[in-house]
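Reviewing the structure listed below.
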Amino acid sequence: MFRRLMLSAALAAGVSHGAFAEEQVEVLHWWTSGGEAAALDVLKKDLEGQGVAWADMPVAGGGGEAAMTALRARVTAGNAPTAVQMLGFDILDWAKEGKLADLNAVAEKEGWNSVVPAALQAFGKHDGKWISAPVNVHSTNWVWISKSALDATGGKAPETWEDLVAVLDKMKENGITPLAHGGQAWQDATIFDAVVLSLGTDFYQKAMINLDEAALGGDQMKEAFARMEKLRSYVDDNFSGRDWNLASAMVIEGKAGMQMMGDWAKGEFLKAGQKPGDDFVCIRFPGTQGSVTFNSDQFAMFAVGEERQEAQAAMAASIMDPKFQSAFNVVKGSVPARTDVPNEAFDDCGKKGMADLASANDSGTLFGSMAHGHAAPAAVKNALYDVVTRHFNGEISTDEAPAELAASIAAVK
Ligand code: BGC
């Protein structure tokens, strides 16, 4: 409808159809929560300011599984969207299929090679060609705590697993749901990222990145599942299927004590008018201080007809603009995908996110998030989702889970 209106306006103004078509992008994404939509609006407005119209293709579902299914159908039908929000290994898979555009002209003009960290270039480039534009860096090992609920437990943020359990117990005693959680596989797996990392960076590296069978099936993994089982005891009875942003709302409204979620959750707190330090507290998952499990949203550009390439290049250049990276990420909860963006506009959690990312990168403790597609390809991620979720729902025991995980991953890797 919007497109038709714009088209007739363009025609009435004597602009040819071809000229209009150059100035439109169709964007597939899963940014449908309040905070996500607010951030998306920064991008839409930026493009519209340059005369590039936006055709929206939202497919709800955190982690992007549903969006990726919709994408596959579109590409199979020979009708790929212009740009697609995408994570890590999914980008490389599409590049290997030869479906993505070559963005080297704009990347060279704008100097992307020297400002985008190597960890992101590993997913934004294939065979020496830029194929997607990274808009942010998120990380999954965060906990978002209601300030008033924390104060009611004594006010000290937990630093170790034992502290965490003590705070959760106290919240339970205080009569609130200690842990706000949505029972969806990707949310269970998001907590699992942090739990595995809390058992050591070597363990995360071996199990989640190297997919080492002994690490996946061994005693440390049993401890990870034991921690998941313990966390499961702090969620409310209605957790099944709940969307992540509704879990955030429970913390925002003081009905629950905390949420273990990537920093897109901060976007919800901000959208609700809350401030870090006053209304909520952000900490790294206890035991993971100094380390980061990251995921970066990139806009992969599909190889499309010449008439849409100019708009694609305009979108890619906009995304990589340092001012835009600041404005967007302040709202989204993430941090910039460039190393040269000042931190002034960011709140304390954002400043911490930027500092943690830089120091983890320097000290070799920056890892791709398994739950969000940056540790292993989709087949492995899905195998892990399945085991973690069945265990969280009590279908497999903590004793059985490591062997099941090792076998499921061995079968698909
Ligand atoms: C994306 C975030 C998004 C979150 C929840 C993650 O996979 O990287 O941008 O906000 O899913 O939808």
Could you list, in sequence order, all residues of segment 92-118 that are open to solvent by less than 30 Å² (accessible area, probe 1.4 Å) and either farther than 17 Å from Ile319 by Cα or not assigned by TED's automatic domain parsing to the domain that holds Lys332 (or both)?
Leu92, Trp94, Ala95, Leu100
Pick from segment 342-363 the residues that are under 15 Å from Val331 (Cα atoms) and among the hydrophobic types (A, V, I, L, M, F, W, C): which of them is most open to solvent (accessible area, probe 1.4 Å)?
Ala345
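Of the residues that make up segment 233-242, is at least one out of contact with any Pro (no Cβ under 6 Å at 6 or more places or on another chain), within 16 Å of the ligand (Cβ to nearest atom) and open to solvent by 20 Å² or more (accessible area, probe 1.4 Å)?
Looking through segment 233-242, at least one residue is out of contact with any Pro (no Cβ under 6 Å at 6 or more places or on another chain), within 16 Å of the ligand (Cβ to nearest atom) and open to solvent by 20 Å² or more (accessible area, probe 1.4 Å).
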Might you check whether a residue that is within 28 Å of Lys156 (Cβ to Cβ) and among the hydrophobic types (A, V, I, L, M, F, W, C) occurs anywhere in segment 211-222?
no
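What strands (runs of 3 or more DSSP E), lying completely within segment 94-187, carry at least 3 residues that are within 24 Å of the chain's Cα centre (by Cα)? Spell out how you get there, then give the answer.
Values: elements: 132-134, 142-146, 177-179.
Because the criterion is at least 3 residues that are within 24 Å of the chain's Cα centre (by Cα), the strands (runs of 3 or more DSSP E) in segment 94-187 that meet it are 132-134, 142-146.
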Every listed condition ((1) buried (at least 19 other Cβ atoms within 10 Å of the Cβ); (2) small (Gly, Ala, Ser); (3) under 16 Å from Ala118 (Cα atoms)) holds for Ala371 save (3)
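Among the residues of segment 264-288 satisfying the criterion of being of a type in the set (Gly, Ala, Ser) and away from the ligand (no atom under 16 Å from the Cβ), which is farthest from Gly364 (Cα to Cα)? Even if it seems obvious, please write down each step before you answer.
Applying the first criterion (of a type in the set (Gly, Ala, Ser)) to segment 264-288 yields 265, 267, 272-273, 277, 287.
Imposing the further condition that a residue be away from the ligand (no atom under 16 Å from the Cβ) reduces the set to 273, 277, 287.
Working: Gly273: 36, Gly277: 29, Gly287: 16 Å.
Among those residues, the one meeting the criterion is Gly273.
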Output the number of residues of segment 45-60 satisfying the condition of being buried (at least 17 other Cβ atoms within 10 Å of the Cβ) and charged (D, E, K, R).
1
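Given the structure, is Ala327 within 21 Å of Asp202 (Cβ to Cβ), touching a residue at least 12 places away in the same chain (Cβ under 8 Å) and either open to solvent by 10 Å² or more (accessible area, probe 1.4 Å) or not assigned by TED's automatic domain parsing to the domain that holds Ser132 (or both)?
On the way: within 21 Å of Asp202 (Cβ to Cβ): no; touching a residue at least 12 places away in the same chain (Cβ under 8 Å): yes; either open to solvent by 10 Å² or more (accessible area, probe 1.4 Å) or not assigned by TED's automatic domain parsing to the domain that holds Ser132 (or both): yes.
So Ala327 fails the test.
Of everything in segment 141-155, what is surrounded by fewer than 17 Cβ atoms within 10 Å (Cβ to Cβ) and more than 21 Å from Asp263 (Cα to Cα)? Give them in sequence order. Even if it seems obvious, please write down each step before you answer.
Pass one, segment 141-155, residues surrounded by fewer than 17 Cβ atoms within 10 Å (Cβ to Cβ): 148, 151, 154-155.
Selection gives Asp151, Gly154, Gly155.
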Considering only residues of segment 383-406 that are under 14 Å from Leu211 (Cβ atoms) and touching a residue at least 40 places away in the same chain (Cβ under 8 Å), which is surrounded by the most Cβ atoms within 10 Å (Cβ to Cβ)?
Leu384
Contacts under 9 angstrom Cβ, first residue in segment 49-71 being over 20 Å from Glu310 (Cβ atoms) and more than 11 Å from the ligand (Cβ to nearest atom), partner aliphatic (A, V, I, L, M) and assigned to a loop (DSSP other than H, G, I, E, B), 6 or more apart:
Thr69/Val59; Ala70/Val59; Leu71/Val59; Leu71/Ala80
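The values are calculated or read from the model by the stated rules, or taken from the named source; none is laboratory data. The structure displayed is predicted, hence computed values, not measured ones. Note that we place each Cβ from the backbone using ideal geometry, even for glycine, and neighbour counts take in every protein chain shown. The protein model used for the area step is the full one, side chains on, heavy atoms only, and it has no ligands, DNA or RNA in it. Shrake-Rupley method; radii C 1.70, N 1.55, O 1.52, S 1.80 Å.
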